[in-house]
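The values are calculated or read from the model by the stated rules, or taken from the named source; none is laboratory data. All values reported here derive from a predicted model rather than from experimental measurement. For neighbour counting, all protein chains shown are included, and Cβ atoms are generated from backbone atoms with ideal geometry for every residue, glycine included.
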Amino acid sequence: MILGNRLHIDGALFFGIVMLLGVGLFVVFSASGKDWDLLQRHGIRILVSLVALLLAAQVPPDALQRWSPYVFFVGMGALVLVLVLGYADRGAQRWLDFGVIRFQPSEIMKLAVPMAVVWILTRRPLPPRLPDLILALALTLLPACLVIIQPDLGTAVLLIISGLLAVFLAGVRWRHLLMLIAVVAATAPYLWYRLHDYQQARIVTMFNPWADPMGSGYHIIQSQIAVGSAGIVGKGWLRGTQSQLEFIPERSTDFIFAVFAEEFGLIGAAVLLVLYLFVVGRSLVLAYRTQDSYSRLLVGSLALTFFFYVFVNVAMVTGVLPVVGIPLPLISYGGTSMVTLMAAFGIIMGACTHRRLMS
Amino acid sequence: MKSFLKMGVHILDPKRDSSITKQRLLLTTMLVLVLTMVVLGRLYFLQVVKHDRYRTLSVENRIGLLPVPPVRGRIFDRNGEILAENYPVYELEVIPDQTQDLKRTVRELNDLISLSDAELNRFERLLKTRPSFEPRLLKHSLSYREASLIAVNQYRFPGVALRASLRRFYPYAGLTAHAVGYVARISGEDLRQIDRSAYRGTRYIGQLGIEAQYEDQLLGVAGYETVELNAHSRIVRSLDQHAPMSGWNVHLTLDVALQKVAREALGNHRGAVVALRPETGDVLAFVSTPDYDPNLFASGFGLHSYDDLRTSPDKPLLNRALYGRYAPGSTIKPILAMAAMDHGLNPKKNFFCGGSFKLSGRDRPYRCWNRDGHGDLNLLQAIEESCDSFFYQLALELGIENMSSWLGNFGFGQTTGIDLNDEPSGLVPNRDWKRRTHGEAWFPGETVIAGIGQGYLLATPLQLAVATAAIANHGKRVQPRLLAQFENLETGEIVPGPEVRITANTAVDSFLLDTAIQGMIAVVHGPRGTARASGRGAAYRMAGKTGTSQLVSIGQDEEYDADSVPERLRDHALYITFAPVDRPRIALAVVVENAGSGSRVAAPIARKILDYYFIERLRRAAVTPRINDFG
């Protein structure tokens, strides 16, 4: 713990994260059809992510607070750039190719949006007033819109969730919240109209996947079959027929929870959820312990965003929410998302372990 | 703007901020717990409440039943000659999903085995229809060389597969087409009528002849393989196998060598030959010309050839032996002779033929084929010389009802019961029938021409053969049969075909029969017999009767001149015969369309067939003994 303190690492939270990463290794191995190369790449990403966590933890929160607007603007610039000259992959333009590494600017925004919103809101005493609220919403919706255009509905939803959580934690007044809900309800038809056909299909499909079992309903039906056929104890590691015979689409990424639930059953799924709750809960405890509003709000919204990450993914795989393409955090294979997530946990840890002077 | 300025003066209050946020953190923590319960509840619902349903679905997902088609039974003639068999062919299939570069793959395959434009076009069309993980046919019936080329280069072509299947083959092609029939691809029409589960994996079905008649036995029983499939319907492993049962081999009563002789004897004529074993009904030969190559139905026609077959004026698709309906002409005279004797005609009584016959009180003469007249002749001589005037008089005295009833006894106007589908019954008229169908009374003149087998009378070559066999059998009419036995190749079990069946046992006085047969013998061996040219020098004794089936009625004073009548309107030549007379072994009906006279054309054909059957065949058998030759 002494070493942990010096490295600005919270032992309990770190333990929870490593447990989840460990589970991830097993599930990715199974989901990939025992692909050792892929497992190796997953391991390397985990190591890179751990480094990101360590580095992020060293940043003192007041520095973060100062950098917040700049990080946001850099992120926005990258988002615009990606639309102009981004690398298209499977119909979606999400990547910037820097020769050595490709990365998704939308990942930066996962950190930059809550940072910027919290920065705006904590410049003045809480609860926020309407102009600040509108500004905060603008800082949330602007990047979210750019991400939707790519199109990447999943990440956009998460960005909006993270911004709204920050606003909520900042003590937004209930009447303001009701106003917001009213505005959303009023613009919903327009938003629906703007969605891609496949996105509309996904939402329609959620309500009745069996209407088109071989088309838009295929993903959700197959993943529900995987989850449901597992029963209480599951089919055993590497023995899920839905996973091993490739009935589950996007097995190693977005639908990896279906693989896990098929092989480890209700018991395994419950244990996994408890593990996630532990990580979220410990993060919220850390949020409690922070000494300033910025840190508290940022840690709180990052921790809750993480939870919603998990919730939206599991709800989508089990057919509670429509299919939006987001991975199961800390377990799914791939992407820059693992690095961003771990950096977020680094920020959470750093915010609570750095001694701060009261301003 | 105002509020922005105002905000600057606000003093931060960390304590208040902290309590606000902490309160909200508590609220969100509750939300976290509630949402977690929602997810857990959903998992409980899927994994416990609905577990059985999803377990079933998951099993159905991955378990596939692959039909394994049975091998169709083969068809043999009475001597074990193969008439229908199966030989392996290869089809080339491409699974687009599994190729690395579909266009390049097709191009390289084309370099290897050269594909036709039609094949490439069909492939292009197939590409657009089904999901791309399913195999598409690129080329069927690969030659052995092509299949080998693909096989050795297989490693270069992921997603390309050779599929072996069995194709029906008729080694005798057209020779046996009308009797054996053929198989063709199962059509949409067929699908509505068959039990689809029995045809899983089978693509051909018997369409005509024996192939259709014994379809159920030939087909066999489909097997299946239980396999584990992945999401792309690729077989991961085999879980269970249930072997198919081959169809029964069908052994026919046909003698393909005799069939061949009959076919050659018919030459380029359109016509039919049916040969029966009188005492058993075994169909020894069943020839209809012209014929067609039944293999085309299995292998596929060229662009026009099916239409050519269908529209040809020669009607090669028509099975004349079974469906051809001809006026029997003078071939029924022996039967009418028996009927007349049964009604009191004294066979010794002479009758004068002056070359024509008149109904009393009418002017119209009914001509005898011999314009000069036969002079005085008795019944036996009338049969021998086929005197028409004699039989005009005989018919008039007998009446149409008696004639019809006697003809019926010998199977005219009725189906013979042969094991082939949709057999026509032919036509034997009587007064009732005339009134029913024509709404008219029966005219005496119609009775007169019925006496020489013209008018409404219609018979098939098969009926003629059956009637001939019945005469040879002394009144016992047997049901003709093509099936000798079924043979199960796997168990060795033999199931004999239908027993010999006597369909009518006419209690004909043997004196009547002997007289009729005497007349028929005289036709071949008598000094004035109409077929005496065909009986000359025969090493065995035959009984026969010539016949001519008129297509155009000749006016009273007109002369029938074969050369002036268009070929298609010329008379059909008919001949029935059985031999040897003391112990008949074969009964034969020969019909030659538009060939003129029975004695000149049909009888010599019969003689060739009989010569083969009694001399040539036995000589060959002595060199290479075979089972069943004497059976």
Would you please name the residue that is surrounded by the fewest Cβ atoms within 10 Å (Cβ to Cβ), looking only at residues in the stretch B:37-75 that are touching a helix residue (DSSP H, G or I) at 6+ places or on another chain (Cβ under 9 Å) and within 26 Å of B:P496 (Cα to Cα)?
B:P69
Every residue from the stretch A:119-129 that is facing chain B (nearest Cβ under 10 Å) and part of a helix (DSSP H, G or I)
A:L121, A:T122
State which residue is surrounded by the most Cβ atoms within 10 Å (Cβ to Cβ) when the search covers only the stretch B:509-539 and only residues that are in a loop (DSSP other than H, G, I, E, B) and out of contact with any helix residue (DSSP H, G or I) (no Cβ under 6 Å at 6 or more places or on another chain).
B:A538
Condition first: farther than 25 Å from A:L38 by Cα, among the β-branched types (V, I, T) and more than 12 Å from chain B (Cβ to nearest Cβ). Can you find one or more residues in the stretch A:231-246 that meet it?
no
Flagged in the stretch A:303-347 as more than 10 Å from chain B (Cβ to nearest Cβ), assigned to a helix (DSSP H, G or I) and farther than 20 Å from A:V23 by Cβ, in numbering order, are A:T305, A:A343, A:G346, A:I347
Restricting attention to the stretch B:564-615, and to residues there that are buried (at least 23 other Cβ atoms within 10 Å of the Cβ) and among the hydroxyl-bearing types (S, T, Y), which single residue is farthest from the chain's Cα centre (by Cα)?
B:S599
Out of all the residues in the stretch B:268-275, is one or more surrounded by fewer than 22 Cβ atoms within 10 Å (Cβ to Cβ) and either part of a helix (DSSP H, G or I) or among the acidic types (D, E) (or both)?
no
Just checking, does the stretch B:314-324 include any residue being part of a helix (DSSP H, G or I), closer than 30 Å to B:A504 by Cβ, touching a residue at least 60 places away in the same chain (Cβ under 8 Å) and in contact with a Phe, Trp or Tyr (Cβ under 7 Å, 6 or more places away or on another chain)?
yes
Failed item in (1) surrounded by 14 or more Cβ atoms within 10 Å (Cβ to Cβ); (2) more than 18 Å from A:G154 (Cα to Cα); (3) among the polar types (S, T, N, Q), with A:N208 passing the rest:
(1)
Give me a count of the residues in the stretch A:215-230 that are buried (at least 24 other Cβ atoms within 10 Å of the Cβ) and either more than 12 Å from every other protein chain (Cβ to nearest Cβ) or among the hydroxyl-bearing types (S, T, Y) (or both).
2
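Taking the stretch B:47-99 on its own, how many of its residues are assigned to a helix (DSSP H, G or I) and more than 14 Å from chain A (Cβ to nearest Cβ)? Even if it seems obvious, please write down each step before you answer.
The first filter runs over the stretch B:47-99 and keeps only residues assigned to a helix (DSSP H, G or I), leaving B:47-49, B:51-62, B:96-98.
From what is left, the residues that are more than 14 Å from chain A (Cβ to nearest Cβ) are B:96.
The qualifying residues number 1.
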Those residues of the stretch B:174-191 which are more than 20 Å from B:H140 (Cβ to Cβ) and under 13 Å from the mean Cα position of the chain (by Cα), in sequence order
B:G174, B:L175, B:T176, B:A177, B:H178, B:A179, B:V180, B:G181
Which pairs turn up if I take residues in the stretch A:261-273 that are more than 10 Å from chain B (Cβ to nearest Cβ) and more than 17 Å from A:M316 (Cα to Cα) and look for partners that are basic (K, R) and not in a helix (DSSP H, G or I) with beta carbon separation below 6 Å, at least 6 apart in sequence or on another chain?
A:E263/A:K235
Determine whether the stretch B:86-101 contains at least one residue that is surrounded by 16 or more Cβ atoms within 10 Å (Cβ to Cβ) and within 30 Å of B:Q259 (Cα to Cα).
yes
If we only count strands (runs of 3 or more DSSP E) wholly inside the stretch B:136-193, which ones have 2 or more residues that are closer than 19 Å to B:L102 by Cα and not assigned by TED's automatic domain parsing to the domain that holds B:P290?
B:136-142, B:160-169
Tally up the residues in the stretch B:41-78 that are under 50 Å from the mean Cα position of the chain (by Cα) and of a type in the set (A, V, I, L, M, F, W, C), please.
9
Would you tally the residues in the stretch A:276-302 being facing chain B (nearest Cβ under 9 Å), in a helix (DSSP H, G or I) and not polar (S, T, N, Q)?
10
Would you call A:K110 farther than 20 Å from A:L153 by Cα, at pLDDT 85 or above and among the charged types (D, E, K, R)?
no
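Restricting attention to the stretch B:194-234, which residues are part of a helix (DSSP H, G or I) and in contact (Cβ under 8 Å) with a residue 60 or more places away in the chain? Working first, answer last.
From the stretch B:194-234, those part of a helix (DSSP H, G or I) are B:196-199, B:209-213, B:215-219; that's our starting set.
If the condition is that a residue be part of a helix (DSSP H, G or I) and in contact (Cβ under 8 Å) with a residue 60 or more places away in the chain, then B:G209, B:I210, B:E211, B:A212, B:Q213, B:Q217, B:L218, B:L219 are the ones that fit.
Name the residues in the stretch A:125-136 that are hydrophobic (A, V, I, L, M, F, W, C) and within 15 Å of A:R175 (Cβ to Cβ), would you?
Step one: list which residues in the stretch A:125-136 are hydrophobic (A, V, I, L, M, F, W, C), which gives A:126, A:130, A:133-136.
Matches in the stretch A:125-136: A:L130, A:L133, A:I134.
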